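The values are calculated or read from the model by the stated rules, or taken from the named source; none is laboratory data. None of these values were measured; they are calculated from a predicted model. Quick reminder, even Gly has a Cβ in these numbers, built from the backbone with ideal geometry, and neighbours come from all protein chains shown.
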């Protein structure tokens, strides 16, 4: 299929707008999930926001025929999709909440069109997962290669081991939910996304992000060390803050939604 645009992209990515407020809040999910990851968060912001939800092109809830391996070999294409969605919805400005991969997508989009964003909330964000001299991204090259090999060898077994590790906290329901959306992904697409995410180094873009940002990180995350959150906050080009959540795991909106709701209320109503 060709590059999706306009209403075709909105339909393909299952774009929804819910809520009745005047302000626009965009919730963008991370790798391995889809927009359903926000379902426990939504009811608490319906009254004060119009909430834009969509699925990334790589999500298992999107027709895999739309996934162009060449186009989505970098984060720029994802950022272009985000901007297209907002333009099609006639959004002039919004607060953007991006989890994991979407945090960096939001950063890229804000560089391209800073006027679209009044604030970025970046949680579980990492510009580079690879250890490099003084920068500790959390993984050595050999660790990343093992992830790729496991995904290629037996995707089902890889999901069974990966889901509880990434959830971190002992919340079986969150592990089941994350496993469900991981299993929905076509394995070759999941592998391609992981290769792009783990092999890319986007540290150099941080200084170009001028939109105010709040970096949100759990106190223990096997995917993103606290040192990365500190690095991101210190290297962003505009006004920024760092919030450390007293909980474990990379997916607190699944495992500890009450804490995310409380934090977002504080951030959004400042």
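So, in region 67-79, how many residues would count as being within 17 Å of residue 209 (Cβ to Cβ) and without any contact (Cβ under 8 Å) to a residue 60 or more places away in the chain?
Of the residues in that region, 3 qualify.
Take the residues of region 239-254 that are in contact with a strand residue (DSSP E or B) (Cβ under 7 Å, 6 or more places away or on another chain), modelled with pLDDT of 95 or more and exposed (fewer than 15 other Cβ atoms within 10 Å of the Cβ): which is nearest to residue 36 (Cα to Cα)?
244
Would you point out which residue out of 234, 203, 265 is loosely packed, with under 15 Cβ neighbours inside 10 Å and under 17 Å from residue 137 (Cβ atoms)?
Values: 203 fails: loosely packed, with under 15 Cβ neighbours inside 10 Å; 265 fails: under 17 Å from residue 137 (Cβ atoms).
From the options 234, 203, 265, the qualifying one is 234.
Could you figure out which of (1) out of contact with any strand residue (DSSP E or B) (no Cβ under 7 Å at 6 or more places or on another chain); (2) surrounded by fewer than 18 Cβ atoms within 10 Å (Cβ to Cβ); (3) closer than 30 Å to residue 266 by Cα isn't true of residue 46?
Against the list (1) out of contact with any strand residue (DSSP E or B) (no Cβ under 7 Å at 6 or more places or on another chain); (2) surrounded by fewer than 18 Cβ atoms within 10 Å (Cβ to Cβ); (3) closer than 30 Å to residue 266 by Cα, residue 46 comes up short only on (1).
Identify the residue in region 119-152 that is in contact (Cβ under 8 Å) with a residue 60 or more places away in the chain and at positive phi and, among all such residues, is surrounded by the fewest Cβ atoms within 10 Å (Cβ to Cβ).
Only one residue tops the list, namely 138.
Say whether the condition of being outside any helix (DSSP H, G or I) and either modelled with pLDDT under 95 or within 30 Å of residue 269 (Cα to Cα) (or both) is met by at least one residue in region 147-168.
Looking for residues that are outside any helix (DSSP H, G or I) and either modelled with pLDDT under 95 or within 30 Å of residue 269 (Cα to Cα) (or both), one finds at least one in region 147-168, hence yes.
Give me the residue from region 15-70 that is within 19 Å of residue 259 (Cβ to Cβ) and part of a loop (DSSP other than H, G, I, E, B) and, out of that set, farthest from the chain's Cα centre (by Cα).
45
Looking only at region 204-260, which residues are closer than 24 Å to residue 167 by Cα, part of a strand (DSSP E or B) and in contact (Cβ under 8 Å) with a residue 60 or more places away in the chain?
Kept after step one, since they are closer than 24 Å to residue 167 by Cα, are these residues of region 204-260: 214-233, 242-260.
Checking the rest, the ones that are also part of a strand (DSSP E or B) come to 214-220, 242-248.
Of everything in region 204-260, those that are closer than 24 Å to residue 167 by Cα, part of a strand (DSSP E or B) and in contact (Cβ under 8 Å) with a residue 60 or more places away in the chain turn out to be 214, 215, 216, 217, 218, 247, 248.
Can you go through 206, 120, 116 and tell me which one is at pLDDT 95 or above, under 17 Å from the mean Cα position of the chain (by Cα) and farther than 22 Å from residue 253 by Cβ?
Details: 120 fails: farther than 22 Å from residue 253 by Cβ; 116 fails: under 17 Å from the mean Cα position of the chain (by Cα).
Only one candidate passes the filter, namely 206.
Of all residues in region 184-194, which are surrounded by fewer than 18 Cβ atoms within 10 Å (Cβ to Cβ) and under 16 Å from residue 76 (Cβ atoms)?
Passing the criteria: only 192.
Can we say residue 180 is surrounded by fewer than 21 Cβ atoms within 10 Å (Cβ to Cβ), touching a residue at least 40 places away in the same chain (Cβ under 8 Å) and either part of a helix (DSSP H, G or I) or touching a helix residue (DSSP H, G or I) at 6+ places or on another chain (Cβ under 7 Å) (or both)?
Values: surrounded by fewer than 21 Cβ atoms within 10 Å (Cβ to Cβ): yes; touching a residue at least 40 places away in the same chain (Cβ under 8 Å): no; either part of a helix (DSSP H, G or I) or touching a helix residue (DSSP H, G or I) at 6+ places or on another chain (Cβ under 7 Å) (or both): yes.
Criteria not met by residue 180.
Could you tell me how many of the residues in region 87-115 are in a helix (DSSP H, G or I) and buried (at least 21 other Cβ atoms within 10 Å of the Cβ)? Write out each step before concluding.
From region 87-115, those in a helix (DSSP H, G or I) are 87-88, 101-112, 114-115; that's our starting set.
Of the ones still in play, those that are also buried (at least 21 other Cβ atoms within 10 Å of the Cβ) are 101-110.
The total comes to 10.
For region 120-139, indicate whether the set of residues that are out of contact with any strand residue (DSSP E or B) (no Cβ under 6 Å at 6 or more places or on another chain), assigned to a helix (DSSP H, G or I) and farther than 26 Å from residue 260 by Cα is non-empty.
Within region 120-139, not a single residue is out of contact with any strand residue (DSSP E or B) (no Cβ under 6 Å at 6 or more places or on another chain), assigned to a helix (DSSP H, G or I) and farther than 26 Å from residue 260 by Cα.
Does residue 190 satisfy the criteria of being outside any helix (DSSP H, G or I), touching a residue at least 12 places away in the same chain (Cβ under 8 Å) and over 24 Å from residue 241 (Cα atoms)?
Working: outside any helix (DSSP H, G or I): no; touching a residue at least 12 places away in the same chain (Cβ under 8 Å): yes; over 24 Å from residue 241 (Cα atoms): yes.
So residue 190 fails the test.
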